[in-house]
Amino acid sequence: MPKVMELKQDPEIFQILDNEGRIIEGQQAPDLSDDELKKIYRWMLRVRAYDGRAIKLNRQGRLGFYAPMAGQEACQIASMAALKRSDWLFPSYRDVGASMFHGMSMEMAFLYSRGQIDGMKIPEDVNMFPPQIIIAAQVLHAAGAGWAYRLRDENRVAIAFFGDGATSEGDFHEGLNFAGVYDSNSIFFCQNNQYAISVPFSKQTKAETIAQKAVAYGITGVRVDGNDALAVYQVTKEAADRARKGEGPTLIEAVTYRVGPHTMAGDDPGRYRTKEEEESWTSKRDPLNRFRKYLESKGLWSDEEEEKTVEELMDEMGEMIKKVEKMPKGTVADLIDDLYTETPAILKKQKDEYLSWKEGK
């Protein structure tokens, strides 16, 4: 009988910085200016601060749906720093950091989590789709957009963010297959944070890595340390450069860790993972600590600058929260009016019945 061809499985993770923020022997930092490096770190701090405040607001009943993103700051910020404002972002519900870096305001982020209509109205000068709730659906959108850029010969890239759980959905496989066939200008960025709600990565797939799934679709697959901001920047920049040159899409698996719960809707991580596991990631592999040590070694950061930046961020968020909480809440009628340019007769009838009921209540 003929032998079955064995596909190469390479679990090696690309890194530039070790856990102490030192350049690994044989590697070199990407070509970033001091100001660009500091900008990336400030944004990572911003995301960490936003995440902490959002969790507190949710627990106080002042914020609705929220998916914590602490631990994944390097994935979201360093990757978007490698792209252009003209590129298009297709985020999931956990990618508030990437969305804000690309142009979505903090005010809009708060409104979105409060379930208000204006939280989904993306400004015309911000190239992103609203956060996708349906798992992996944004993969299809990024594949289609990337194909459009290829057909039009546009110097744009479409990037979709998703978690490891999304790779078990049909949309993931259909999107990558389509993008591979048509050489779309797409980047598929998987934040492998080890858990899809309570399901560990080991139960998502028999494959050793997510990156190796790229082999089946004839596209480039890269596995990177998702807590190493420089490495994330480098692999995303290279993926974008390949796409712009017509060399097809890339699947990036960024190995990282979700520090908090899946969402604030009752998830308890303590029921499916150990404190020892959490500690091994938060104490030794924290993306902010690692990147800060690198900046300090270059004389670019200090305790004083850290304190000043955090204080400014907290003041900014405090003012933004006051502003958002003063805004009028949406109504059922608003939802109906906002759904269509011209409201269908059946919905108009329902709206009129609802308003009549409300007036007589």
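Quick notes on this one:
- Once the Cα-Cα distance is subtracted from the 0.36 nm per residue extended length, the K348 to V332 segment shows a gain of 4.6 nm.
- The spacing between region 119-181 and region 209-255, judged by their C-alpha centroids, is 15 Å.
- The alpha carbons of the chain occupy a box of 73, 61, 44 Å along the principal axes, longest dimension given first.
- E169 - accessible surface, heavy atoms, 1.4 Å probe, Å² rounded to 10: 80 Å²
- Per-residue SASA entry for F162, accessible area with 1.4 Å probe, Å² rounded to 10: 10 Å²
- Taking a point 7 Å from the Cα of R273 along the Cα-to-Cβ direction, the residues of region 169-201 with backbone N closer than 19 Å to it are 190-201.
- Note on the chain: with neighbouring protein chains present and a 1.4 Å probe, carbon and sulfur make up 50 percent of its accessible heavy-atom surface.
- Hits among lysines - C-alpha to C-alpha of K351 under 19 Å, sequence gap 8 or more where chains match: K329, K361
- Over the chain, DSSP H runs of length four or greater, each weighted -39,500 (n - 2.57), average out per residue to a 222 nm ellipticity of -14000 deg cm²/dmol.
- The stretch between N289 and S202, if pulled fully straight at 0.36 nm per residue, gains 28.6 nm over its current Cα-Cα span.
- For region 131-198, the calculated P(r) over all alpha carbon pairs, in 10 Å bins from 0 to the bin holding the longest distance, is 24, 51, 21, 4, 0 percent.
- Subtracting the Cα-Cα distance of N155 and D315 from 0.36 nm times their residue separation leaves 53.7 nm of extension gain.
- 21 Å Cα-Cα reach of K38 towards lysines, excluding residues that sit fewer than 8 places from it in its own chain: K84, K237, K293, K298, K308
- Shape metrics for region 230-343, restricted to C-alpha atoms - Rg then Dmax, Å: 21.6, 60
- By the rule of a C-alpha distance below 19 Å, with chain neighbours fewer than 8 residues away ignored, the lysines paired with K275 are K284.
- Largest to smallest in accessible area, the residues I346, I24 fall in the order I346, I24 (1.4 Å probe, all protein chains included).
- For the chain: accessible area per residue (Å², 1.4 Å): 50 Å²
The values are calculated or read from the model by the stated rules, or taken from the named source; none is laboratory data. Values in this document were obtained by computation on a predicted structure and should not be read as measured data. Because the Cβ atoms are built from the backbone with ideal geometry, glycine has one as well, and the counts that use them run over all protein chains shown. Surface accessibility is based on the protein's heavy atoms, side chains included, excluding ligands, DNA and RNA. Shrake-Rupley method; radii C 1.70, N 1.55, O 1.52, S 1.80 Å.
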